[in-house]
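Engineer: Below are the C-alpha cells for one structure; questions will follow.
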There are 4 protein chains.
Amino acid sequence: MNNTIGNLITLTVFGESHGPAIGGVLDGLPPGLPVDEAYIASQMDLRRAVGKISTGRHEADVPEFLSGVRNGRTEGTPLAFIIRNTNVKRSDYDMLEDTARPSHADYTGHVKYCGYQDASGGGHFSGRLTAVLVAAGAILRQALEQKGILIGTHIRSLHGIEDDLFEQNELISQIRALNTKNFAVLNEEAGRQMRNEIEHAASLHDSLGGILETAVAGLPAGIGEPMFDSLESRLSHALFSIPAVKGVEFGSGFALAGMYGSEANDPLGIENGQVITLSNHNGGINGGISNGMPVIFRTVIKPTPSIARPQKTVNFKTMEETEITITGRHDPAIIHRARVVQDAVCALTLADLLAQRFGLLWLKEDRI
Amino acid sequence: MNNTIGNLITLTVFGESHGPAIGGVLDGLPPGLPVDEAYIASQMDLRRAVGKISTGRHEADVPEFLSGVRNGRTEGTPLAFIIRNTNVKRSDYDMLEDTARPSHADYTGHVKYCGYQDASGGGHFSGRLTAVLVAAGAILRQALEQKGILIGTHIRSLHGIEDDLFEQNELISQIRALNTKNFAVLNEEAGRQMRNEIEHAASLHDSLGGILETAVAGLPAGIGEPMFDSLESRLSHALFSIPAVKGVEFGSGFALAGMYGSEANDPLGIENGQVITLSNHNGGINGGISNGMPVIFRTVIKPTPSIARPQKTVNFKTMEETEITITGRHDPAIIHRARVVQDAVCALTLADLLAQRFGLLWLKEDRI
Amino acid sequence: MNNTIGNLITLTVFGESHGPAIGGVLDGLPPGLPVDEAYIASQMDLRRAVGKISTGRHEADVPEFLSGVRNGRTEGTPLAFIIRNTNVKRSDYDMLEDTARPSHADYTGHVKYCGYQDASGGGHFSGRLTAVLVAAGAILRQALEQKGILIGTHIRSLHGIEDDLFEQNELISQIRALNTKNFAVLNEEAGRQMRNEIEHAASLHDSLGGILETAVAGLPAGIGEPMFDSLESRLSHALFSIPAVKGVEFGSGFALAGMYGSEANDPLGIENGQVITLSNHNGGINGGISNGMPVIFRTVIKPTPSIARPQKTVNFKTMEETEITITGRHDPAIIHRARVVQDAVCALTLADLLAQRFGLLWLKEDRI
Amino acid sequence: MNNTIGNLITLTVFGESHGPAIGGVLDGLPPGLPVDEAYIASQMDLRRAVGKISTGRHEADVPEFLSGVRNGRTEGTPLAFIIRNTNVKRSDYDMLEDTARPSHADYTGHVKYCGYQDASGGGHFSGRLTAVLVAAGAILRQALEQKGILIGTHIRSLHGIEDDLFEQNELISQIRALNTKNFAVLNEEAGRQMRNEIEHAASLHDSLGGILETAVAGLPAGIGEPMFDSLESRLSHALFSIPAVKGVEFGSGFALAGMYGSEANDPLGIENGQVITLSNHNGGINGGISNGMPVIFRTVIKPTPSIARPQKTVNFKTMEETEITITGRHDPAIIHRARVVQDAVCALTLADLLAQRFGLLWLKEDRI
C-alpha cells in the first residue's frame, strides 16, 4: 500500500511537483468531525515558505474539497481534496531528465520507475507533497484537540544551537505557544541564532538540517499494539514518510546507549489517582503501548540537498560522470516548515490507533 | 494487523513467555526455498543466552514445523512452527499479577488487556518472542544470501566503548566474519572491553544497552516505495518491533543535524559501469528507495530493564506506591543477542519488498 | 479499507453524486502502461446512458488526470483522476433529506453516517461512482489484453429472455464482438426482445434487472490463493461492490445443487500439450486457483429501485410512515450499462493477482 | 494476505491434511471474551463426520490452545491453537503425486506451488482446514450471541428436495432449533428425504451438493461499508473461502432477474419505533450496509468431487491422459457438515465489522 497509510482511518496521497495538482483521500473518517477551513489554513501557513530562510516558490495551497464534506463537517464518506500546482517553472528542472541531483531521489526514482516518471521538481518525491499531509492531518489534529490530546513540535537543535527542553509541568502551555509560532522554538534567543545560522548557510549557497522534537500530551494509556504495531513502529513508519527524515528516537533515544538500567528505568508513582512515571526516558511508551505520560520523540531532518554549488554527479542516461549546479528556487533549510508536517503525521497515526481501540465514533466532537 | 507484518510475505507471531508455546506463521512464501534446519539452528544459537553476560534461562529453541515444509523446502503454503516453552519458573513472577516492573510493559499491558493477560515473564511482551522472529527470518535470510544480498550487524557502541566502523571495501568480508561470532564486533579488543563492562554492570546488579549497526550489501537499486512505504519506513516499522529498540537512524542519522548540505550530500560517480555514491551519508537510500549502495542503519537498544535493585513502583490493583526488587534469571545486557533479531527483521522486510517488485518466484534459489 | 481495493495494485474511490467531482487513485501500477484516452473513452461510452432505455442525465465523463501519467504512459506513481459532476439537479432529490427511497441506501446511509452525509442523488452510494471503476479498470483491461487475457460480458438473461451461451471454441471471437456492442448480447434477436421488455417496463413506470455473464480467456493456470484469497473470493468481493449486484456464481453455480458429482466433475485431458478440462462446471477455478480454462461467472443485477410509482416508506427523521413517488431522471434498467463495470472490476482484480505472482513489471506492454 | 482474513479481528490459517497439525491464529480479539471449550466442542461436533452419509475418517478435533487464553477468557493477545492430524492414511493418496482428481485442486495446486506442495489428502486445500474456521468462529459466534446477534443455517435444498423457508416471525426460535441439529433442516420430513437421497448417491458411488441458507437475526443497522467493503463483499469473500462454495446470493438473489422493480423493492414501515422493511428481497442489506432486518444469504455447495467411479484425468508429470478411481474414505455429501463452517465465517466477518464501527471493547461480554 505504497501511497496509503493507516488501518481504519487511511490517507492516500497523489501528485507530482509540476503536474496539474497534488491531493489526498482521507477515508474511514467518522461522520461529524469539523472541517474548519480557517484551522486548516493556519496549519498550511505554518508549512508555507516565508522570508529569507525559505524558497521563493509560493503557492496559495488552499485545498479544494471534492467530496466527504458538507456544511463544514465530515460526512463519513471519503474526503478527497486537491491542491492545484500554479507556480510551476519547469525550465528550472530541464536538466533532471538525465542528471541526478546528489542526495535527491532523481536517480532512484529513475530506476524504480524505469524512466517513465515526471522528474521535474522532484516529481512525486517532491517535498511539496507534504502539503497534503498537513491538510489531512489538520482535520484529525483538531479532532484530537477536542478530545484533550495536544501535539507540539519544536526545533530542538540546529547546527549546534540548542533550544530549551520541554518541561513536564509546563508542557501544555509550551505546546500551545509553539503552535502559534512560525519558527517553533521554546527559547526565542535560540531561535534568533538558528535563523542567523540558516541565513549564513544561505549566503554560502549551502543548507542546514536539524532535530525536531515532538511532545504529545493527553494520550490515554493503552494505545498501540504489541510486536509489529507498537506505537513506536506506527509513528516511525509515518515519520520516515517525511522526505528529509533520516532518524527517529523516542524518550532518551540514542542516549540510552550510555546509561545503566538503573538510570534509564522510569520508576512509577501515583499522582492524582493516576499511575505516572517519575522520569520519562521511555518517552511515554512501554512495550510499544502508551503509558499515559507525554509521548516524546525526535527526528533528524537532513540538510536540504538542493544547494547552489557545483557537485559531482552522473548523467544516468549516457552513464557519464558530470557536474551539476542547482539553480532555481530552494530552501536553505526546511526544518521550520517540516515541524507542522511532523505534527500532522503524528495526528493521523494517533487518530487511527485511537479509533482501533475505542471505535470510529469515539472521535466525534460531541462525544467529548 | 497487530501481530502480523509484511505485505506479500507475512509473518504472524503468537505466544506468551510462560504459556505452552510461542510460534509463527510465515505466509506468502514462494515454493521451493530451502528450509535448512542447520542454518536455522545456527541463527537460533546466536540469539541464545550464553555465559556470564546472559540469563540463566536456557531453552532448546528448536522450532517444530507444523506445515508448509516438505523435504527441506517450502511448499508455498503457510509455514507454521512452534517452539515449546519448557524452562518455565512461574514463581519468579508471582508479584507481576499486580506490581509493575519499571520500564517493562507490565502496567501498559494491564491497561491494554484490561487485566486479562497472562503477565508472567512479561507474557506476550517478553523478549522470548524474538526467537520466533529469528527462526522465521532465517529462512528469508538464507534465500537472500543465495541471491547475493548479505546482512550483517555489529555492536557499534556500548557504554562509551566504540567498535571499528564498517569499511565499504571490506564490507562483504566484514559481514561474513560477523555472522560467525557470538559477540558481534569488528574489533575483538573492543569486544573484550564491552564484555568486561557488561560483567561489571552485572556485578552492580545493573544492566547496559548499546547501539547496533547493520549493513546490507548487494541490495539492488529501486527497492522501497515513495511516501508511506519508504525503505526507511518499512525497516523502522520492523525494527521498532524488537522490544528494546528506542531509536533508528539511517546513514549518518542524527549527526546530519550538525552538517551543511555540502557535507551531507553524497556525490555520484560511476564504477564498473554502475552508478555509485562517493560517500554514503544517506545510508544507501534516497527518496525512500535503495540506490544500490550498502544500506546502513543503527538502532539503540535500551539497558535491560530487569535489575536486581530496589526500584520505586506501584501496585496497579490497589493503586498504592510500593517498591520492587526483581529476582529471577535476567540478562545484564541483551544487545549481543538482539543483533541476530535485527538481522532477521531486516531479512523479512527486504524479502517482502523484493517480492513486491520482482514477483514471488524471483526469490527461488534456482533462479539466481 | 472501505473505499480501497487491491493488494499491490489498489484503487481508492471517492465522490458523491451531487458533489463537485467523483474520482479515483490507482496506486501500485507498473510504469510504462499505456493510458490510452481513446480506449478509456470507448469504455466510458459503453457505460453511458443511451436512448429510451436509460436515464436522461448525461455527463461527458471525461476523466481529468491529475498525476501519474506522462506522454500517454503510466509513470508508476499514483495515478489520480477526477470526473466533474456537471449535470446536477439537486431539486430532484430534496425529499431525500428525510425520506428513504425503498431498496436504496438512503436509510442505511443515514444510520451509518449519523445524518451527516449528502444524500442527494444517492450521495456516495450513487451508481454514478461506477464511472470511476470503469475509467480505472480500462487501464488494466487494456494492459491485460496486450498480454492475451480477454474479458467479455453479455446479458445472459432478462425477465425470462435468454441470450445464447458462450461457446468455448468461439470464445475469443464472441468476446471481441461483445466488446463493440452497446447492448451486449450474443444473439441480436434476444437483445431486441430484451430492449422491448425494458421499454415496456418503462411504460409501466417500472424497472427490470437481469443476469450478466462474464468469460475470461487466456488467464494462465495458477492464479488465486488458497483459503481466503481464492479467485472466487477476490472476484466476488469486487463484484459485490457494484451497487445492484445481489448474487455471484462461478461455472455451473447454483445449478450444481441439482447434480451428482459424476455430472458436476470436470474430467481432465490434454490438448496441444496443455492440461484442459473436458467440461467447465467449475468455471475455470479449482481450489480457488485458475486452471487455465476460461473463467466463467455470473452476477444478478437487481431491478433499478428508482420507479415512478407510489411506494410505502418512512420519514426517518420524524419516524412516521409515508409514501414516496420518485420523480427525476432514472433508468428503467441498468444491466446493459453495468456490464462494462463488471468487466472493469474483473480487470482490476486479475491484474492485482497477476502482479502478486509474477511481479509488477510483468504487466508492462513491452514484456509481452 | 492469502491465509489471513479480517481487518481488526484477523484469522490466519495453516496446515495440510496429512501434515503434523492444522491450526489458526486469531488476532485483534478484545480481552475478556469467553473461550468456552464445551461450546467450541459442540460446534466441532456439528462439523464432524457422522453416520452413513459421511467419511470414515474420524478425528477428535479438540483444539489445543497455545496462547491468548487464560482462565477461560481471551487475553487480548494472539490466540493460537492447533489440531493434530492423527488419523492419517497417506497410502490412500499415493497416486496424487502426479495424477489429478477431477474438480479437486490437485492440478492447480501443482501449478501454483511448482510441484513443492504436499498434495496428500488435498494438502492445504483439504476440507479438513475448515475445522480451524469452526473453532475460531465459535469464539466470535458465542460473543455475538451474548450481544443478541444470532446466526443459523439450514439445508435449503438438495437434489430437488426443498426444506421449509425461514419465517420472519419465527426466526429466532428457528435459528435456535437449527443450532441443536446434526442435520440442519427446518422440516424433518424434508431432512429424512435428503438423507435418503445422499445414501442413494453413496450406493451409486456418487455424491451430492445442495444449497445452504443462513439467517442472521439481531444485527444492528449501519454495519458494512460503501463500495469495496460492502457487507455483501465481505461476507462473500469469506464464504467463497469454504472449499465447495461456487455461488453466493443475498435476499432474493438470482430470482431478482425475473422481477419488476415494483416487486423487488422492499417498502419501509415502522414497527415498535424501529424502521423495518415490509418484505426482504434485499436480504437485510441496502447499499452494502445492514438495515436492521434479518440478513439472509444462500450458498451453493458443489457435489463432493471424490467419487469411487472411474474418471478421465491426466498425469501432470508425464503429461499423459489416464483414468482415476478414487478410493479411500470420502463423504457422499458434505453439505450437512459445511453449514457450521458457514456460520463460523459469518461470525468472524460480522464481529470484525462490528468492532470496526463500535470499537474492539464493544464485544466484551460484560458490556452487553
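The values are calculated or read from the model by the stated rules, or taken from the named source; none is laboratory data. As the structure is a prediction and not an experimental result, all values here were calculated from the model. Because the Cβ atoms are built from the backbone with ideal geometry, glycine has one as well, and the counts that use them run over all protein chains shown.
Engineer: Which one of the conditions (1) farther than 20 Å from residue C:103 by Cβ; (2) touching a residue at least 24 places away in the same chain (Cβ under 8 Å) does residue D:227 fail to meet, given that it meets all the rest?
Structural biologist: Looking at each condition in turn, residue D:227 falls short on (1).
Engineer: When you go through (1) touching a strand residue (DSSP E or B) at 6+ places or on another chain (Cβ under 9 Å); (2) more than 26 Å from residue A:202 (Cα to Cα); (3) within 7 Å of chain A (Cβ to nearest Cβ); (4) at pLDDT 95 or above one by one for residue B:225, which number turns out not to apply?
Structural biologist: It is condition (4) that residue B:225 fails.
Engineer: To continue, here is another question. If you check residue C:103 against the conditions, is it among the hydroxyl-bearing types (Ser, Thr, Tyr) and within 14 Å of chain D (Cβ to nearest Cβ)?
Structural biologist: Yes, satisfied.
Engineer: Evaluate the following for residue B:71: is it away from chain A (no Cβ under 11 Å), touching a Phe, Trp or Tyr at 6+ places or on another chain (Cβ under 9 Å), surrounded by fewer than 23 Cβ atoms within 10 Å (Cβ to Cβ) and over 24 Å from residue B:245 (Cβ atoms)?
Structural biologist: In short, yes.
Engineer: Given the conditions (1) under 25 Å from residue D:251 (Cβ atoms); (2) within 18 Å of the chain's Cα centre (by Cα), and given that residue C:325 satisfies all but one, which numbered condition is not satisfied?
Structural biologist: It is condition (2) that residue C:325 fails.
Engineer: Of a type outside the set (Val, Ile, Thr) and in a loop (DSSP other than H, G, I, E, B), is that true of residue B:312?
Structural biologist: It is false that residue B:312 is of a type outside the set (Val, Ile, Thr) and in a loop (DSSP other than H, G, I, E, B).
Engineer: Among the numbered criteria (1) more than 18 Å from the chain's Cα centre (by Cα); (2) free of Cβ contacts under 8 Å to residues at least 40 places away in the same chain; (3) crowded, with 16+ Cβ neighbours inside 10 Å, which one does residue C:198 miss?
Structural biologist: Evaluating residue C:198 over (1) more than 18 Å from the chain's Cα centre (by Cα); (2) free of Cβ contacts under 8 Å to residues at least 40 places away in the same chain; (3) crowded, with 16+ Cβ neighbours inside 10 Å leaves (2) as the failure.
Engineer: Among D:243, D:220, which is crowded, with 24+ Cβ neighbours inside 10 Å and either at pLDDT 95 or above or more than 16 Å from residue C:240 (Cβ to Cβ) (or both)?
Structural biologist: So the residue among D:243, D:220 that is crowded, with 24+ Cβ neighbours inside 10 Å and either at pLDDT 95 or above or more than 16 Å from residue C:240 (Cβ to Cβ) (or both) is D:243.
Engineer: Based on what the data block shows, is residue C:45 over 26 Å from residue A:69 (Cα atoms) and of a type in the set (D, E, K, R)?
Structural biologist: In short, yes.
Engineer: Residue by residue through the range B:200-220, note down the ones that are part of a helix (DSSP H, G or I), more than 7 Å from chain A (Cβ to nearest Cβ) and either closer than 30 Å to residue B:167 by Cα or among the hydrophobic types (A, V, I, L, M, F, W, C) (or both).
Structural biologist: B:202
Engineer: Of everything in the range B:112-128, what is touching a residue at least 12 places away in the same chain (Cβ under 8 Å), at the interface with another protein chain (Cβ under 7 Å from one of its Cβ atoms) and of a type in the set (A, V, I, L, M, F, W, C)? Give them in sequence order.
Structural biologist: Answer for the range B:112-128, where residues must be touching a residue at least 12 places away in the same chain (Cβ under 8 Å), at the interface with another protein chain (Cβ under 7 Å from one of its Cβ atoms) and of a type in the set (A, V, I, L, M, F, W, C): just B:125.
Engineer: Every residue in the range B:176-189 that is in a helix (DSSP H, G or I) and closer than 14 Å to residue B:212 by Cβ, please.
Structural biologist: Within the range B:176-189, B:178 is the sole residue that qualifies.
Engineer: In the range C:23-42, how many are crowded, with 20+ Cβ neighbours inside 10 Å, over 30 Å from residue A:69 (Cβ atoms) and among the aliphatic types (A, V, I, L, M)?
Structural biologist: Of the residues in that region, 1 qualify.
Engineer: Just to verify a result, which residue in the range C:258-279, among those that are assigned to a strand (DSSP E or B) and facing chain D (nearest Cβ under 7 Å), is surrounded by the most Cβ atoms within 10 Å (Cβ to Cβ)?
Structural biologist: Restricting to residues being assigned to a strand (DSSP E or B) and facing chain D (nearest Cβ under 7 Å), the top hit is C:268.
Engineer: Mind checking whether some residue in the range C:240-257 is in contact (Cβ under 8 Å) with a residue 12 or more places away in the chain and part of a helix (DSSP H, G or I)?
Structural biologist: Checked the range C:240-257: at least one residue is in contact (Cβ under 8 Å) with a residue 12 or more places away in the chain and part of a helix (DSSP H, G or I).
Engineer: Separate question: Go through the range C:228-251 and give me each residue that's in contact with an Asp or Glu (Cβ under 9 Å, 6 or more places away or on another chain) and either farther than 25 Å from residue D:341 by Cα or facing chain D (nearest Cβ under 7 Å) (or both).
Structural biologist: Scanning the range C:228-251 gives C:233, C:236, C:237, C:240, C:241, C:246, C:247, C:248, C:249, C:250, C:251.
Engineer: Taking the range C:284-322 on its own, how many of its residues are touching a strand residue (DSSP E or B) at 6+ places or on another chain (Cβ under 9 Å), facing another protein chain (nearest Cβ under 7 Å) and on the phi > 0 side of the Ramachandran plot?
Structural biologist: 1
Engineer: Pick out the one residue from B:128, B:156, B:73, B:176 that is closer than 17 Å to residue B:342 by Cα, in contact with a strand residue (DSSP E or B) (Cβ under 7 Å, 6 or more places away or on another chain), at pLDDT 95 or above and not aliphatic (A, V, I, L, M).
Structural biologist: B:156
Engineer: Something else now. Out of D:331, D:352, report the one residue that is under 30 Å from residue D:106 (Cα atoms) and buried (at least 20 other Cβ atoms within 10 Å of the Cβ).
Structural biologist: Exactly one of D:331, D:352 is under 30 Å from residue D:106 (Cα atoms) and buried (at least 20 other Cβ atoms within 10 Å of the Cβ), namely D:331.
Engineer: Please enumerate the residues belonging to the range B:161-195 that are among the hydrophobic types (A, V, I, L, M, F, W, C), free of Cβ contacts under 8 Å to residues at least 40 places away in the same chain and surrounded by fewer than 18 Cβ atoms within 10 Å (Cβ to Cβ).
Structural biologist: Selection gives B:165, B:177.
Engineer: Output the residues belonging to the range B:152-195 that are of a type in the set (D, E, K, R), away from chain A (no Cβ under 14 Å) and within 19 Å of the chain's Cα centre (by Cα).
Structural biologist: The answer is B:176, B:181.
Engineer: Anything in the range B:23-35 that is more than 7 Å from every other protein chain (Cβ to nearest Cβ) and within 18 Å of the chain's Cα centre (by Cα)? List them, or say none.
Structural biologist: Residues satisfying the conditions are B:24, B:26.
Engineer: Hey, could you check the range A:2-22 for residues that are facing chain B (nearest Cβ under 9 Å) and among the aliphatic types (A, V, I, L, M) and say which is surrounded by the most Cβ atoms within 10 Å (Cβ to Cβ)?
Structural biologist: That would be A:11.
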